[in-house]
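Down below is the structure, laid out as structure tokens.
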Amino acid sequence: MKKKSLTKRSRILFGALLLALTTGFSLRAYAEEPQLVVSSTGTVSVRPDMAEFGVVVKSEAKTAEKASAETAAKYRSVQDALRSAGIPLDDAPSSSYTVSPRWEWDQSAGRSVLAGYTARHVIMVKVRRLDGIGKAIDAAVQSGADEVQSVTFSSSRYEMLREQALAAAMENARKDAGIMAKSAGGRLGQLLEAGESQPPPRERPQMEFMAMKAAPAPASTEIAPSDQDISVSVTTRWRFIGTPVK
């Protein structure tokens, strides 16, 4: 029984050794075969159809309670104005809210002294129809907002267009690899590996930054974004098939 067990173990060890030798040989041959590495980019242009911007309301007072109450009143006024401008509450959520002490330098005392408190509330407004961006900004400004900032533009078709850019990047890589292979006196073999050069950004592309001190304006706000480019880069590795030497 013991001899039979040793024989079986020997077969297993022999099989493992044979697998290691053949695998190592195939990997070595795979690594040594001629290859082409090509990087390429695909780009698709799009006209933005959505926008997002920040609205800041803030107040300063001697006490934290008063600063908070005054800011809350401004917040309600701005939210009511946004509803009237066609922005639902779900598209105008709070982004941040802070109440912090405000310090001033006392020259006679030679130190900073507590001068009061500042309450600051930031609302992120999403406009799903670009022709309504000016109306939404005007509504916020005229209802008591202290700042309008960080206007960014995006497309509702972003994911679909990004896929098109990725396909274009792969097609460009294949074309360039074919030209390289032909120029080197051979032909292009199969694709061995492909991947994005950099992870795609999660956020929508930004067009510009805008900040303004809120004040009633005689004319309505007009903003016209330009086209944006959605780009995807890939790095590919191909097998190169050389011409046999005669």
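The values are calculated or read from the model by the stated rules, or taken from the named source; none is laboratory data. Please read these numbers as outputs of a predicted model, since none were measured by experiment. Here the Cβ positions follow ideal geometry from the backbone for every residue, glycine too, while neighbour counts run over all protein chains shown.
Restricting V99, V127 to residues that are in contact (Cβ under 8 Å) with a residue 40 or more places away in the chain and of a type in the set (A, V, I, L, M, F, W, C) narrows the list to V127.
Of everything in the range 118-164 that is polar (S, T, N, Q) and out of contact with any helix residue (DSSP H, G or I) (no Cβ under 9 Å at 6 or more places or on another chain), the residue that is modelled with the lowest pLDDT is S150. For the range 70-113, a tally of residues being surrounded by 14 or more Cβ atoms within 10 Å (Cβ to Cβ) and part of a helix (DSSP H, G or I) returns 11.
Taking the range 42-59 as the range and being assigned to a strand (DSSP E or B) and either free of Cβ contacts under 8 Å to residues at least 24 places away in the same chain or not β-branched (V, I, T) (or both) as the test, the residues that pass are G42, S45, M50, A51, E52, F53, G54, K58, S59. For the range 188-217, residues that are at pLDDT below 90 and more than 22 Å from E163 (Cβ to Cβ) total 10. Considering the range 218-244, and only residues there that are without any contact (Cβ under 8 Å) to a residue 40 or more places away in the chain and over 22 Å from L161 (Cβ atoms), the residue that is nearest to the chain's Cα centre (by Cα) turns out to be A219.
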